[in-house]
Structure formats: structure tokens, C-alpha cells
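The structure under discussion appears below in the form of C-alpha cells.
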Amino acid sequence: MSLESSSRDKRWGLQGMSALVTGGTKGLGCAIVEELAALGAIVHTCARNQDQLNERVREWKEKGFKVTGSVCDVSSNAEREKLMKEVSSLFDGKLNILVNNAGTNIYKATLDYTAEDFTSLMNTNLQSAFHLSQLAHPLLKASRAGKIVFMSSIASVVSINTLYALYSASKGAMNQLTRNLACEWAKDNIRVNAVAPWFIRTPLTTPSLDDENILKEVFNRTPMRRVGEPGEVSSVVAFLCLPAPGFLTGQVICIDGGMSVNGFSMG
């Protein structure tokens, strides 16, 4: 192998890099874990369910991926701190990649939300990602090539329906956090970006996509006339973690088949 091709391979691979992906046993999180591991990363993930976590880790090891996992509820301050201590010990005080993927929604009309709903959703979606980024900072800085990717949503860019007010607000704040951290932590060689998916075919969206009326509306609003697949999100996340796009930071990338730039649809 020539020196030039070897250098190119390093730019387009994650061989030997360490990564933490929150909420990695289902849907997009699972796809992201597999994408990073397939590119050579050593991945640690977390989930709330021990049995599900054990099953996924077993499956990944059978595929030859280097993946470990631990139980963690990211909405808990104490459990976030415990998780990062485990990660620091596992990766000798250094971390190359943090993917803040875990999140939730509470489907209610705005007037029906309670103060408890607000606290719960903001804590799970926004505060957890913010705090984990704080905790990960010294590990990312120590790697001298840190990357953070936030899992935002197209709901942070446009209004999608009447049951997403708090969710949209949490993801909109995440977008601005992405920009601020990108500027503040650039001096520490940490790049920070976000991805904002539209409807992606996962277990979480399956009930909605089984509704013909909802599916028709999604198609009408999406120029590509289909929903996305998990691999079409995980591939973008992986790209943001590669050495190659080294000048890319502070961006929110919409993965939406053109939905966010679409005008009025005639159906």
C-alpha cells in the first residue's frame, strides 16, 4: 500500500477510534453504533433495559464489532456521571466521538402539557445532551481530535404537527447549542455538528407510518416521496465523525428528502 493510499484510508475510516453513543439499542441509535463499528471504531453504548442491551451486544460481537454497553438512564444526573466515569476508564481518559442520540417525546397539544411534562422532556432531550457534552469535554480534548454529534430533528427547523411543541423547542435549543459549542470548543480541537432527520423507518415511527393518512401527508411534504431509512442517517453521522471533513463544524444537517426546503404541495 502506498503512503498516499494509507493516508486516504485514515481520512475515511475510524480505525481504533473510541466512541460513545447514547440510546444505542434501538432505531437510529442501533444503526449509528453499527455504522461506526463497521468503520473500525471501538464503541460503547448505553440503554435503560439490561436484557435488550445484552442481546444487542451479543449480536454485535457475532458480527465482529467492538462494542460494549452499560445500563444508563440519561435523564438522571447521577447516572450520566457514572456513565462517563465508565467511559473514561474504558478508553484510558480519552474519547474521540460522542453521539448524543437518546431522546423522547410526549405527544400532547400545547395546552395539555404540564410542568412535569416540560421538565421531563427537556431533561431527557436537552439537559442530558448538554451535561454529557460537559462531562465528555476533557476526554474529547485529550484525544486531540474530538467530535460531538447531536441528534436533532426536522421539527427543530419547521413545524410538523400539533403534538410537537415541547419536542421542537428542545431540538431547536439543541441546534443553537451545537453552534455555540462548535465555536467555544474549536480551540480544543473538538468539532460539533447535528443531524436533523424527518420521518425515518424505525420501530418508533412504525405505528404512525402504518396510518395511511399520515403516510400520505409525509409523502406530500417530501419531494423524494418516501420516508428515510436508518442507514441514511447513520451514514451522515459517521461522515461527521471521520477525519476527512475536518473543517466542518457548527452545522445542522437536515436529512429529510428535501422536506425542509419544500414549498406548498398540491398533493
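The values are calculated or read from the model by the stated rules, or taken from the named source; none is laboratory data. Quantities reported herein were computed from a predicted structural model and do not represent experimental measurements. No Cβ is skipped: glycine too gets one built from the backbone with ideal geometry, and neighbour counts run over all protein chains shown. Only protein heavy atoms, including side chains, enter the accessible area calculation; ligands, DNA and RNA are left aside. Shrake-Rupley method; radii C 1.70, N 1.55, O 1.52, S 1.80 Å.
Calculated mean residue ellipticity at 222 nm for the chain: -13500 deg cm²/dmol, from DSSP H runs with n ≥ 4 weighted as -39500 (n - 2.57), summed, divided by the residue count and rounded to 500. For Ala244 and Ala115, the FRET efficiency from 1/(1 + (r/R0)^6), where r spans their Cβ atoms and R0 equals 41 Å, is about 0.35. Between Glu55 and Gln176, the simple label model (points 7 Å from Cα in the Cβ direction) yields a spacing of 4.1 nm. Label-to-label distance for Gln251 and Glu212 is 4.1 nm, based on points extended 7 Å past Cα in the beta-carbon direction. Sorting 202-210, 17-25, 44-52, 156-164 by their mean Cβ neighbour count within 10 Å, with the most densely packed peptide first, gives 17-25, 44-52, 156-164, 202-210.
Which helices, counted as full DSSP H runs in the chain, have an axial Cα extent of no less than 27 Å and a Kyte-Doolittle average of -0.5 or above? Spell out each step's value before the answer.
Numbers: long enough: 165-184 (28 Å, -0.17).
What comes out of the filter, once short or polar helices are dropped, is 165-184.
So with the 1.4 Å probe, I'd like the accessible area per residue for the range 71-145, rounded to whole Å².
50 Å²
Among the chymotrypsin sites (Phe, Trp or Tyr not before Pro) in the range 184-267, those placed in a DSSP loop whose Cβ has at most 10 other Cβ atoms within 10 Å are Phe247, Phe264. A cysteine counts as unpartnered when no other cysteine's C-beta lies under 4.7 Å of its own; in the chain this applies to Cys30, Cys183, Cys241, Cys254. Taking 7 Å steps out from each Cα toward its Cβ at Asn77 and Glu184 produces label points 1.7 nm apart. For Lys63 and Lys26, the difference between the fully extended length at 0.36 nm per residue and the C-alpha to C-alpha distance is 11.6 nm.
In the chain, the portion of solvent-accessible area held by carbon and sulfur atoms comes to 54 percent [1.4 Å probe, whole percent, DNA, RNA and ligands not counted].
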